[in-house]
Protein chains: 2
Amino acid sequence: MSKKENKDILKSEITELKGKLLALQQPLRAAKLPVIVLVEGWASAGKGSLIRELISDIDPRFFNVVSPKIEPEESRRYPALYPYALSIPENGQIIFYDSGWMEEAVRKYIHRDITKDEYKARIRTVNEFERQLRDGGYILVKLFLDIDRDEQARRMNALRDNYETEWRVTNEDMWQCKEYKLFRETYTEFMDKTDGAAKWHVLDGGDRRTAIRDAFKIIVSSIEEAIENGKYVGKPFEEDFPLKEMPLLKDVDLSPTIDDEEYKKELKKLQEKLKVLHNVVYRKRIPVVICYEGWDAAGKGGNIRRITKSLDPRGYDVKPIASPEPHELNRQYLWRFWNRLPRSGHIAIFDRTWYGRVMVERLEGFCSELDWKRAYNEINEFERQLTDWGAVVIKFWIHIDQDTQLARFTDRQNTPEKQWKLTDEDWRNREKWPQYEIAVNDMLQKTSTKNAPWHIIESNDKKYARIKTLKIVVDALEKACKNKKL
Amino acid sequence: MSKKENKDILKSEITELKGKLLALQQPLRAAKLPVIVLVEGWASAGKGSLIRELISDIDPRFFNVVSPKIEPEESRRYPALYPYALSIPENGQIIFYDSGWMEEAVRKYIHRDITKDEYKARIRTVNEFERQLRDGGYILVKLFLDIDRDEQARRMNALRDNYETEWRVTNEDMWQCKEYKLFRETYTEFMDKTDGAAKWHVLDGGDRRTAIRDAFKIIVSSIEEAIENGKYVGKPFEEDFPLKEMPLLKDVDLSPTIDDEEYKKELKKLQEKLKVLHNVVYRKRIPVVICYEGWDAAGKGGNIRRITKSLDPRGYDVKPIASPEPHELNRQYLWRFWNRLPRSGHIAIFDRTWYGRVMVERLEGFCSELDWKRAYNEINEFERQLTDWGAVVIKFWIHIDQDTQLARFTDRQNTPEKQWKLTDEDWRNREKWPQYEIAVNDMLQKTSTKNAPWHIIESNDKKYARIKTLKIVVDALEKACKNKKL
């Protein structure tokens, strides 16, 4: 077959595939499927031009092209995958990454911005991220645009020879050209180790039309398959996280109390310690995530206030978690928490958390059984990503018994200034106490990891509870501050 | 009265006021009122400590303390008030700014980071911003914490003498101490010129307790007043913006067409020009905002696609504007557009825009008459803030007649692949054509400012329309690129 014939065949194949992709737009939206196309590859391999072809016929309202910026200094202020986790598409939308988490990790590793261990952790994290996206219903297509050394050198020289284009060739690119062999080894290893939940597709960047045709084919067939098969429903992935042993709720002794004098003394002492520690946390840029879960009327609000009282208001935020809004429901369920993470050096206090997945969402059927069963492991992974980043993660279950709850509900009902605190939903939840108790026990057993353990706070006596949480926070921050240099 | 007595009186006044503020939390949330407390003042005047007192009893779920960072380089990538416009509170929430738009403007001016003219524009913008917030139902309390020169020097020296606190005194602070007189003049002038929709309150920072008591008094009375009086309902503010004369829709000649050959030739030529220009726009960091409004089925989507086809996908975004989500409805109506502004050098294409306020929201009663009547001026101000920042703002009204719309609706109804494009709402809107025509005429007459004029695009012939918009975009970008140096 002549070159001309071949070209004509490719052209007509591409036109046909473009039409198919166009026709898939509506079914994709109807099925509420989000699509991520990760385009990685060599500098000058033609990533931009490939993406331009891929999007040329799609309705511009339904896709976005992103290339999250990698600013070395700023990137350390958040967990490794933060910019990617934030930019995932909504249901029915397509996101094209013009290079992404692979390029960032590989460059940082080759530049020695991260250590070998950090790089290993990064690869593990990428696998977790991609699996969670797949399990969350995302279509993830990973392309690598390959060119050989000579071709890359030729293209870069051509760009540099032209006044209009020379600015496009960065020092980084030149350096990649020089270190081609090292980059090839590293890219190859990275792809080998992340060929899990989503497979890599290597495209021949030296042959533009074939690469375009192949990319279209892969995307179209991935979407067709997903529309036909629906959401991925494989067995939940489970890793053996090292766990702290937790008692069952029924075995927790709720009798501890504290007398008023002791309370005042301790409160003052601990709040002063915390105040000093907050300063160190800020200067050492330690991120802190404090999670509150507990029975209605257990005293979460007052407890949180005793913590915040000693904090510099510029350095913390309380994040009240209500039902998700539509734009939050349209994305993987952890997205809205990624979105609320503190910068390093800051403290985020979550009043209710991602554990809603395995409590209210489980009990009210807001997600499938598979969804909440998978969530234990997903949450353990998420929290490990936080502690890997250097965060102190402290989780409180504020615990009371049913009689105490009833007494507090009744008090709220009878006190005009407190009535707003009590809703019909609180009474409905109370009726489901036994089911909640099962869910909470499951949660405590499965997610009290060594790096982010649960603390059960006996709160029949609210004052006792406040002192206990303050002590735990102070201890954890003291330890973290000691371990981290300025 | 002895000092001791005075101290005791102040203490008890503060306790009483704290209680009042606490008791106002619920009414505030019930009335869905958002509160902004701007705390400005001298370095070392005690802003942080004042804020800490103010929030000490408020439920931490209902307030936030922010101090938007001023990074000189990054701040030029967005309009002047961008960080503040993004951080305004939701209804029922309180935001404390630990210094804000005053401090930023004054410092930049004294540092000569901005010119005298830019500073003047900044003051005008601040007045616009504050008035729009007030008119949008925000309670805005502005405090300035004042101390004299000796007191400031004394406090800074004390901080610097202590190992634990010396890091708190920045070079900037030292410099303010040195240039105290210049700062005092500039602060005073700024307050004089921004004492409009929200009044300044100068507090004596030299007397800590009095300052705290006064701050509480001002905040409590502002909230009480707002709860009692409800939203501000003064006469809409109107400025005489220089306007471009616009025809009435009924006088627009919709007959222009283009033949196929001419269309193809022009399309190719213009798209190539646009491609080159996009590169220059990117390198010269010109922000571009393209707005599409028009009748249903006027051909907006296809028109937008002809623009995006020639753009580098990394450098533009199409922002489809649907009905606002709850978190958007809970803030001033322009917030969701501030939130979607492009970085300088990028192009944002809005598929429907903030003009929804004076069209659908006006006609469907989603806002009050006063709200939409005020919006013309507010939008002119908003767009002037964009063009002041250097943005090219291009606004299209894609125009067709009723017969053409009917023909296109019928075609959509009869073509299976197009049916999703046609909704019941489209038919309902069509019935309101006469009312919409009045609203659109009002909009075109009142908001076609010289800096951000409307273009009516005759789109009975879609191809003619595409060429016309492309030409306008190319011309506008060419002009902007010529006027701006690298």
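The values are calculated or read from the model by the stated rules, or taken from the named source; none is laboratory data. Every value quoted in this text rests on a predicted model; they were computed, and no experiment measured them. As a convention, Cβ positions derive from the backbone with ideal geometry for all residues, glycine included, and neighbour counts pool all protein chains shown.
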Which condition number in (1) within 12 Å of chain B (Cβ to nearest Cβ); (2) touching a Phe, Trp or Tyr at 6+ places or on another chain (Cβ under 9 Å); (3) surrounded by 21 or more Cβ atoms within 10 Å (Cβ to Cβ) is the one that A:S310 fails?
(2)
Which of the strands (runs of 3 or more DSSP E) contained wholly in the stretch B:88-205 include at least 2 residues that are more than 14 Å from chain A (Cβ to nearest Cβ)?
B:139-146, B:200-204
Give me the residue from the stretch A:366-382 that is assigned to a helix (DSSP H, G or I) and either of a type in the set (A, V, I, L, M) or surrounded by fewer than 19 Cβ atoms within 10 Å (Cβ to Cβ) (or both) and, out of that set, nearest to the chain's Cα centre (by Cα).
A:I379
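Yes or no, residue by residue, for (1) in contact (Cβ under 8 Å) with a residue 12 or more places away in the chain; (2) surrounded by 19 or more Cβ atoms within 10 Å (Cβ to Cβ):
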| site | (1), (2) |
| --- | --- |
| B:E16 | no, no |
| B:K20 | yes, no |
| B:K32 | yes, no |
| B:V37 | yes, yes |
| B:I51 | yes, yes |
| B:P60 | no, yes |
| B:I88 | yes, yes |
| B:V106 | yes, yes |
Matching residues in the stretch B:36-64 - criterion: being in a strand (DSSP E or B) and in contact with a Pro (Cβ under 9 Å, 6 or more places away or on another chain)
B:I36, B:F63, B:N64
Could you go through the stretch B:340-353 and let me know if any residue there is within 11 Å of chain A (Cβ to nearest Cβ) and assigned to a loop (DSSP other than H, G, I, E, B).
yes
For the stretch B:428-478, the count of residues that are within 21 Å of B:V393 (Cβ to Cβ) and either without any contact (Cβ under 8 Å) to a residue 40 or more places away in the chain or outside the structural domain of B:V358 (by TED's automatic domain parsing) (or both) equals 2
Within the stretch A:1-35, take every residue that is of a type in the set (V, I, T) and either not assigned by TED's automatic domain parsing to the domain that holds A:P68 or not in a strand (DSSP E or B) (or both) and give me the one that is nearest to the chain's Cα centre (by Cα).
A:I14
Going through A:D146, A:D161 one at a time, which residue ends up being acidic (D, E) and either in the same structural domain as A:F382 (by TED's automatic domain parsing) or in contact (Cβ under 8 Å) with a residue 12 or more places away in the chain (or both)?
A:D146
Taking the conditions exactly as written (touching a residue at least 60 places away in the same chain (Cβ under 8 Å) and either away from chain A (no Cβ under 14 Å) or not β-branched (V, I, T) (or both)), does B:L249 satisfy them or not?
yes
Among the residues of the stretch A:307-328, is there at least one that is over 16 Å from the mean Cα position of the chain (by Cα), closer than 26 Å to B:Y97 by Cα and in contact (Cβ under 8 Å) with a residue 60 or more places away in the chain?
yes
Scanning the stretch B:283-296 residue by residue, the ones that are within 12 Å of another protein chain (Cβ to nearest Cβ) and within 23 Å of the chain's Cα centre (by Cα) total 2
Does the stretch A:297-307 hold any residues that are surrounded by fewer than 19 Cβ atoms within 10 Å (Cβ to Cβ) and either more than 9 Å from every other protein chain (Cβ to nearest Cβ) or under 23 Å from A:R77 (Cβ atoms) (or both), and which are they?
A:G302
One residue from A:E293, A:E239, A:E262, A:E245 being of a type outside the set (A, V, I, L, M, F, W, C), more than 30 Å from A:R29 (Cα to Cα) and surrounded by 17 or more Cβ atoms within 10 Å (Cβ to Cβ)
A:E293
What number goes with the only condition from (1) more than 12 Å from every other protein chain (Cβ to nearest Cβ); (2) surrounded by fewer than 17 Cβ atoms within 10 Å (Cβ to Cβ); (3) within 17 Å of the chain's Cα centre (by Cα) that B:L363 does not pass?
(3)
So for the stretch A:70-82 (the condition being surrounded by fewer than 20 Cβ atoms within 10 Å (Cβ to Cβ), of a type in the set (A, V, I, L, M, F, W, C) and within 20 Å of the chain's Cα centre (by Cα)), does at least one residue qualify?
yes
Looking at B:S44, B:S67, can you tell me which residue is at the interface with chain A (Cβ under 10 Å from one of its Cβ atoms), small (G, A, S) and buried (at least 16 other Cβ atoms within 10 Å of the Cβ)?
B:S67
Criterion first (in contact with a helix residue (DSSP H, G or I) (Cβ under 6 Å, 6 or more places away or on another chain) and within 30 Å of B:G345 (Cβ to Cβ)) does B:A452 satisfy it?
yes
In the stretch A:227-234, is there at least one residue being modelled with pLDDT of 95 or more and either more than 13 Å from every other protein chain (Cβ to nearest Cβ) or surrounded by 13 or more Cβ atoms within 10 Å (Cβ to Cβ) (or both)?
no
Any residue at all in the stretch B:383-400 that's surrounded by fewer than 13 Cβ atoms within 10 Å (Cβ to Cβ), in a helix (DSSP H, G or I) and on the phi < 0 side of the Ramachandran plot?
no
The stretch A:47-64 - residue that is facing chain B (nearest Cβ under 7 Å) and of a type in the set (S, T, N, Q) and, of those, nearest to A:G92 (Cα to Cα):
A:N64
Report yes if some residue within the stretch A:459-473 is touching a strand residue (DSSP E or B) at 6+ places or on another chain (Cβ under 6 Å) and either surrounded by fewer than 20 Cβ atoms within 10 Å (Cβ to Cβ) or among the charged types (D, E, K, R) (or both); otherwise report no.
yes
Search result, residues across the stretch B:300-328 that are charged (D, E, K, R) and under 21 Å from B:K275 (Cβ atoms)
B:R305, B:R306, B:K309, B:D312, B:R314, B:D317
Look at the stretch B:354-371 and say how many of its residues are without any contact (Cβ under 8 Å) to a residue 60 or more places away in the chain and touching an Asp or Glu at 6+ places or on another chain (Cβ under 6 Å).
1
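Residues checked against (1) under 27 Å from A:R340 (Cβ atoms); (2) not small (G, A, S):
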site: B:T15; (1), (2): no, yes
site: B:P27; (1), (2): no, yes
site: B:V39; (1), (2): yes, yes
site: B:G46; (1), (2): no, no
site: B:I58; (1), (2): yes, yes
site: B:F62; (1), (2): yes, yes
